[in-house]
Amino acid sequence: MPNAALRGLQKKLSYDFKNSGLLAEAMTHGSSETKDAGLPDNERLEFLGDRVLGLMTAEALTKAYPNASEGDLAPRLNQLVRKETLAEVATEVGLGKCLVLSHGEDKSGGRSKPALLADACEALIAALYSDGGMRAAKKFYQTYWSERLIAVTVVPRDAKTRLQEWAQGAGLGTPAYAIKSQTGPDHAPLFVLEVTVEGRKPHVGKGGSKRDAEQAAAAAFLTAERINSA
């Protein structure tokens with residue numbers, strides 16, 4: 001990534017990296033030709049960032065909702081750390097224009113793909129944590145998650161949860177999920193899963209992870225069967 005882009009991103013973050021290589025690594029997607037040259041991509045930072053984000057969110061939720069049970073906190077946490085939320089933050093920060101991608105990935109619109117943006121956002125959190133400790137990571141978190149934390153006042157119920165509650169309430173047992181196919185490279189897989197409920201037509205969902213594909217399949221089922229999503 002050009003130095004100008006690095007400087008622009010640091011200005012946006014109001015943070016100057018002591019090790020600018022961490023920021024460059026965080027913005028380097030696995031498809032990039034730099035990987036072929038032996039330079040690191042952002043997969044390891046993404047792994048770390050996911051854990052740091054989870055810890056910061058769990059801590060923030062326990063402080064914001066001191067009387068909430070674990071059952072109430074868990075879905076709130078899932079809402080705040082999910083890929084869609086990360087992609088939204090990445091868009092606000094402008095990470096898309098900073099990504100280092102292969103020519104093919106860039107040409108196919110990689111800079112606006114939610115999955116790539118979400119991964120880069122997790123990697124950025126890890127880079128901030130690695131360079132400036134939890135203080136730097138929390139500053140970023142508070143800037144982009146504070147309002148989201150307040151907005152999650154009603155416990156969100158995802159599609160899988162809604163489908164399971166409906167199926168069990170109707171005496172149809174627990175929905176079953178099965179992988180139909182997995183395609184794509186390791187850094188950008190595509191899962192196709194099928195959900196079945198006793199006595200009902202199966203429905204299929206796609207996603208960049210098994211969890212996302214399951215949610216998509218459950219949502220497709222709810223929509224097709226006209227089950228109230230509230």
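A few comments on the model shown:
- A crude spin-label estimate for the pair Gln182 and Phe47, with each label 7 Å from Cα along the Cβ direction, gives 1.6 nm.
- When the alpha carbon gyration tensor of the range 159-224 is reduced to an equivalent ellipsoid, its three semi-axes come out at 23, 10, 9 angstrom, largest first.
- Label point 7 Å beyond Cα of Leu190 along Cβ direction - residues of the range 89-115 with amide nitrogen under 19 Å: 102-115
- The stretch between Ala4 and Lys63 holds 17.4 nm of extra length on full extension. This uses 0.36 nm per residue minus the Cα-Cα distance.
- Averaging 1/r over every pair of different alpha carbons in the range 3-151 and inverting the result gives a Kirkwood radius of 15.6 Å.
- Peptide packing: for 54-65, 102-113, the average count of neighbouring Cβ atoms within 10 Å per residue gives the ranking 54-65, 102-113, highest mean first.
- As a ratio to 2.2 N^0.38 Å, the alpha-carbon radius of gyration for the range 52-95 is 1.27.
- Debye intensity ratio I(q)/I(0), log10, the range 113-230, q values 0.10, 0.14, 0.15, 0.23 Å⁻¹ (C-alpha model): -0.45, -0.77, -0.83, -1.16
Every number in this text was worked out from the coordinates using simple rules, so none of it is lab data. Keep in mind it's a predicted model, so treat the numbers as computed, not measured. Here Cβ is always computed from backbone atoms with ideal geometry, including for glycine, and neighbour counts include all displayed protein chains.
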